[in-house]
Amino acid sequence: MVQWKTSRWNVENVDNLHEHPAIQEAAMWMKEGEVIAFPTETVYGLGANACSNEAIEKIFEAKGRPSDNPLIVHIAEIEQLEQATTTWSETAQKLMDAFWPGPLTIILPKNERIAERTTAGLSSVGVRMPDHPVALALIKACGLPIAAPSANRSGKPSPTKGEHVYKDLNGRIKGIIDAGSTGVGLESTVVEVSGDVVTILRPGGISKAQLEEIVDHVKLDEALFESGQVPRSPGMKYTHYAPDAPLFLVEGNHVFFQKVIDQYEAEGQKVGILISNERAEHVTANVIKCLGSSNQVEDVAQNLYHQLRSFDDTDVDIILAEMYPVDGIGEALMNRLMKAAGNRMIADNHNRD
Ligand code: TXA
Ligand code: MG
């Protein structure tokens, strides 16, 4: 593959974004079929022209992504929807009105302009309008629908800072627009719409309860719970979001948590723990990474990927992580933690009712 000198443009706290030279230059490269990383409100995306198989091929190559995993197409204004799809239902329209721009991806019928490689050969396409001024300015400057997966090497935690993208993709892409930390910190919710039923294929920035305020019937894809089912969102079947050291979830109070830490340390293992501020007051280990207050699950979600990545700069042998209630953004948070753990959990069976 081509080795690039990856440009890094800083566009934090900038007015008149559409006139910014970095946006203009990045858009120029994307129109020429190159790949640019840019911030969204969820995580950094790795963008290219969604209508060009050659451009999309470069995304898969830079990420090392399995070729059967389709990409989300990003648009900047509702008029652009026709560049990606042929038709959408009343229910889909309600979701767009309520949540766009924002962290919701809607699966729609693909139109013929969207490249086969973008949707990995599927006849459907995931579309979203991101809620980030830089993403919107860039897409508008391109005038194209922009396919963008998260801008990490495949299997690694998604990037929530420009430096994460740089670490994973320096030399592999044309440029990175760095606008500091992303807001939500976890990816968009992916939904399929059939009649008036909305099915969540991947939990994310918009919760089930938020969707239920807008539509009557919201369900979760069964494959999210049953390991035998094939997920309808192809990306959900891969191990993901994982740091280098194996991660286990620990279910139980802080006394149990400390007991588990002590057992591993007694075996000579270097233990890292990924916990809330509250739990940090009660337990100790070789390396402690705090995610924020467990009363502010939004903060925990925002810090998750950064802290998961930060373990790779330590020499821990094993990571033990605290669990959170599956509610609101906690749905996506626990989904990502379970994936990072490959579903491995250590539970305090003695303390169960
Ligand atoms: O927040 C986000 O969604 C970020 C930012 C950059 O927008 N993007 C992102 O993309 O997370 P990616 O490629 O990492 O994840 C896309 C997910 C995958 O699970 C993929 O299988 C699913 O969306 N997906 C995309 N198109 C689909 C389709 N036509 N049918 C079913 N699932 C689809
Ligand atoms: Mg991803």
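Annotations
- DSSP-defined beta bridges in the chain - what % are antiparallel, rounded to 5: 35
- Counting Lys and Arg as +1 and Asp and Glu as -1 over every other residue whose Cβ lies under 15 Å from the Cβ of residue 212, the net charge comes to -2.
- Dipole magnitude of segment 247-347, debye to nearest 20 (Cβ charges: Lys/Arg +1, Asp/Glu -1, about Cα centre): 180
- Checked against a 20 Å cut-off, the cross-linked pairs 63/161; 259/289; 31/58; 110/174; 5/63; 31/174 give Cα-Cα distances beyond that limit for 110/174.
- Scaled against the 2.2 N^0.38 Å expected of a compact globular protein of N residues, the Cα radius of gyration of segment 96-172 reads 1.23.
- Spin-label model distance (nm) - residue 345 vs residue 167, 7 Å beyond Cα toward Cβ: 2.8
- Placing a label point 7 Å from the Cα of residue 223 along the Cα-to-Cβ line, the residues of segment 313-353 whose backbone N sits under 19 Å from it are 332, 335-343.
- With N the number of residues in segment 176-280, Rg(Cα) / (2.2 N^0.38 Å) evaluates to 1.45.
- Between residue 313 and residue 196, residue separation times 0.36 nm minus the direct Cα-Cα distance comes to 37.4 nm.
- Beyond 31 Å, the tail of the calculated P(r) for the chain holds 34 percent of the Cα pairs.
- When you filter the GluC sites (Glu not before Pro) in segment 272-307 for DSSP loop state and at most 11 other Cβ atoms inside 10 Å of their Cβ, you are left with 281.
- Normalised alpha carbon radius of gyration of segment 247-347 [divisor 2.2 N^0.38 Å]: 0.98
- Here the dipole of segment 1-63 is about 220 debye; that uses its Cα centre as origin and unit charges on the Cβ of Lys and Arg (positive) and Asp and Glu (negative).
- Here, segment 48-137 is characterised by an Rg to Rh ratio of 0.96, where Rg is the alpha-carbon radius of gyration and Rh the Kirkwood radius.
- Structural descriptor for the chain: relative contact order 19 percent, calculated from alpha carbon pairs under 8 angstrom and at least 6 residues apart.
- Volume in Å³ per residue [convex hull over Cα atoms, computed for segment 261-304]: 60
- For segment 161-176 versus segment 286-315, the inter-centroid distance based on Cα atoms is 21 Å.
- Pair residue 28, residue 87: separation of 7 Å Cα→Cβ label points (nm): 4.3
The numbers here are math on the coordinates, done by the rules we state, and not lab data. Just so you know, these numbers come straight off a predicted model, no measurement behind them. Ideal geometry is used to build each Cβ from the backbone, glycine not excepted, and the neighbour counts take in all protein chains shown.
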